[in-house]
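S.K.: Have a look at this one.
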Amino acid sequence: MKRYDLIVIGAGPAGLSAAIEGAKAGMRTALFDENEKPGGQLFKQIHKFFGSKEHKAKIRGINIGGELLKEAETAGVEVHLSSTVIGIYPEKCISVNRGDHIENYRAEAIIVATGAAERMIPFKGWDLPGVLGAGAAQTMMNLHGVMPGNKIVMMGTGNVGLVVSFQLLQAGCQVEALIDAAPRVGGYGVHAAKVARTGVPFYLSHTIVEAKGTDHVESVVIGQVDEKFRIIPGTEKEMEADTVCVAVGLNPMSQLVRMTGCEMKEVGGLVPACDEYGATSIPGIFAAGDVSGIEEASSAMIEGHITGLAAAKYAGWIEEDTFKTQVEERTASLEKLRQGMFAPQNKGKKIEKTDEGLPVSASLLERGYMDANEMETYPGVVKKEGVHPVIECSQNIPCDPCQEACPFGCIKVGERITDLPAVTEDSVCKNCGACVAACPGQAIFLVNEDEDGTYGTVTLPYEFLPLPQAGDRGKGLDRSGRPVCDAEVVKVQDTNAFDKTAVLTMRVPREYAMTARFFKKEV
């Protein structure tokens with residue numbers, strides 16, 4: 001039986017972070033994962049992260065994964081892939097299935113970071129080929145380069161459903177609709193808005209009645225539901241589709257940690273009862289990341305670092321003072337991500353006002369985009385002469401890259417990263433586009449409401465291929481994705497500094513400068 005100081009199960013964001021901390025403390029650390037490649041969800045996450053610089057904000061998940069792997073290698077973590085841990089036994093022993101044989105290992109401490117699995121919801125025809133989890137679709141696209149389908153119906157408007165819908169559009173799929181039985185969009189409004197302005201309709205208070213087809217999905221029937229989530233007769237609507245993606249939540253994969261006999265509790269699934277450092281009720285057994293409670297990948301990474309430090313302290317590899325100092329720093333960083341409207345303590349609550357006392361956009365929650373009449377309520381939306389930023393961010397989410405992105409001080413967020421971003425009144429925008437490219441929610445636009453008395457310009461983020469070119473003509477789409485005016489591309493900036501977010505400037509009739517938010521090329 002081979003021995004290590006620390007064994008970590010799961011090479012996702014939490015597991016990698018935990019293993020790094022253990023190895024940096026001097027522990028001989030082994031990391032086991034059942035997949036062929038390490039990194040977990042990070043290598044599927046091609047979007048830019050939220051948070052602050054300390055949380056790797058405005059960096060894409062795939063790049064964060066690469067950074068963590070390099071750090072783990074430098075720290076000396078021994079990574080075992082295609083290695084399925086099939087059991088945890090007394091005295092901190094594990095059994096691992098590798099190929100056609102079983103191997104046994106033992107350690108002073110074990111950290112379980114097995115993540116979560118997608119939930120599925122049954123409906124008539126849900127067993128047809130073409131019905132799959134949104135995460136599975138994301139794996140097909142972003143890891144294997146395979147389009148999961150041509151015409152997609154997405155079920156679920158949490159962050160997973162919204163983010164994957166946008167990535168489906170980037171892959172060239174046609175997203176027919178986003179469906180959710182809840183009466184409000186569940187994820188970040190900025191994620192919903194960037195999908196809505198491409199023309200994808202939202203059907204809130206709706207569910208899937210049936211997926212139709214012979215040997216694969218050919219169409220989907222949806223229906224409106226009442227306040228008790230019962231389908232209202234006569235509201236059924238059938239739409240052509242070959243794929244249904246289901247994004248209705250995640251279940252913690254806690255089977256292994258349950259084998260230890262530690263105390264469990266129900267928190268959106270069965271999870272181990274842990275202290276603030278990830279320690280379970282059994283000494284030397286720890287849990288980190290989604291297996292101990294579902295959160296974003298940014299939170300999972302910080303939790304992993306904290307739990308890795310806790311395991312090192314438990315096993316006597318770091319002193320109390322060192323542990324306390326480093327954990328306090330990590331905890332403070334984690335608490336920043338747990339503020340605002342989407343904080344864990346606000347889950348399930350109906351938030352009517354922002355922290356600043358402004359009304360939450362009803363249109364955004366009910367239709368996926370803000371109504372033009374609501375826009376001027378928010379501090380990021382102002383009218384000024386010349387080019388100026390318009391920040392269509394109306395929810396208190398933990399994110400502030402826009403403040404650091406502007407070298408001219410045009411944007412301020414405030415002391416907390418969940419404060420609504422505001423345009424600085426006496427600032428002068430230089431039209432560099434840095435803030436447009438930096439915003440993870442793609443919610444910043446540079447607008448010149450009156451360029452020459454006839455036209456205005458709108459500069460917007462653009463992440464679709466092929467990129468339009470200067471001189472291309474098409475339509476300017478409003479926030480709902482409806483074509484509202486003729487538009488001409490006048491400039492496209494695609495620099496390495498913008499990290500694959502092109503910054504497109506289009507010329508539109510001046511009366512549409514505060515309305516047009518997406519460009520669709522003529523075909």
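The values are calculated or read from the model by the stated rules, or taken from the named source; none is laboratory data. Being a predicted model, the structure only gives us computed values, none of them experimental. We place every Cβ from the backbone using ideal geometry, glycine too, and count neighbours over all the protein chains shown.
S.K.: Quick check: is even one residue across the stretch 245-268 outside the structural domain of K48 (by TED's automatic domain parsing), surrounded by fewer than 22 Cβ atoms within 10 Å (Cβ to Cβ) and among the basic types (K, R)?
M.R.: Scanning the stretch 245-268, I find no residue that is outside the structural domain of K48 (by TED's automatic domain parsing), surrounded by fewer than 22 Cβ atoms within 10 Å (Cβ to Cβ) and among the basic types (K, R), so the answer is no.
S.K.: Hey, can you tell me all the residues within the stretch 247-280 that are without any contact (Cβ under 8 Å) to a residue 24 or more places away in the chain and assigned to a loop (DSSP other than H, G, I, E, B)?
M.R.: Correct list: G261, C262, E263, A273, C274, D275, T280.
S.K.: For the subset of the stretch 158-176 comprising residues that are more than 22 Å from I391 (Cα to Cα) and of a type in the set (V, I, T), which member is surrounded by the most Cβ atoms within 10 Å (Cβ to Cβ)?
M.R.: Once the filter is applied, the top-ranked residue is V164.
S.K.: Let me ask you something else. Please go through the stretch 441-470 and pick out each residue that is surrounded by 19 or more Cβ atoms within 10 Å (Cβ to Cβ) and among the hydrophobic types (A, V, I, L, M, F, W, C).
M.R.: A443, I444, F445, L446, V447, V458, L460
S.K.: Among the residues of the stretch 55-89, which ones are of a type in the set (S, T, Y) and part of a helix (DSSP H, G or I)?
M.R.: Of the residues in the stretch 55-89, the ones of a type in the set (S, T, Y) are 74, 82-84, 89.
The answer is T74, and nothing else.
Okay, residues lined up against (1) closer than 23 Å to G368 by Cα; (2) outside the structural domain of A14 (by TED's automatic domain parsing); (3) surrounded by 21 or more Cβ atoms within 10 Å (Cβ to Cβ):
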| site | (1), (2), (3) |
| --- | --- |
| N97 | no, no, no |
| A113 | no, no, yes |
| N150 | yes, yes, no |
| V153 | yes, yes, yes |
| L178 | yes, yes, yes |
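S.K.: Name every residue in the stretch 193-239 that is closer than 17 Å to S165 by Cα, charged (D, E, K, R) and touching a Ser or Thr at 6+ places or on another chain (Cβ under 8 Å), in order of residue number.
M.R.: R197
S.K.: Sort out which residues of the stretch 281-305 are surrounded by 23 or more Cβ atoms within 10 Å (Cβ to Cβ) and without any contact (Cβ under 8 Å) to a residue 40 or more places away in the chain, and write them in order of number.
M.R.: Of everything in the stretch 281-305, just one residue is surrounded by 23 or more Cβ atoms within 10 Å (Cβ to Cβ) and without any contact (Cβ under 8 Å) to a residue 40 or more places away in the chain, namely S299.
S.K.: Whether any residue in the stretch 18-40 is within 28 Å of A405 (Cα to Cα) and in a strand (DSSP E or B) is what I want to check.
M.R.: Checked against the condition, which is being within 28 Å of A405 (Cα to Cα) and in a strand (DSSP E or B), the stretch 18-40 yields no hits at all.
S.K.: Out of the residues in the stretch 232-246 meeting the condition of being hydrophobic (A, V, I, L, M, F, W, C) and part of a loop (DSSP other than H, G, I, E, B), tell me which one is nearest to Q345 (Cα to Cα).
M.R.: Pass one, the stretch 232-246, residues hydrophobic (A, V, I, L, M, F, W, C): 232, 239, 241, 244-246.
Next, only the ones that are part of a loop (DSSP other than H, G, I, E, B) stay: 232, 241.
Working: I232: 33, A241: 38 Å.
In this case the residue turns out to be I232.
S.K.: Looking at the stretch 494-523, which of its residues are within 28 Å of the chain's Cα centre (by Cα) and not in a strand (DSSP E or B)?
M.R.: Within the stretch 494-523, D494, T495, N496, A497, F498, D499, K500, T501, M514, T515, A516, R517 meet the criteria.
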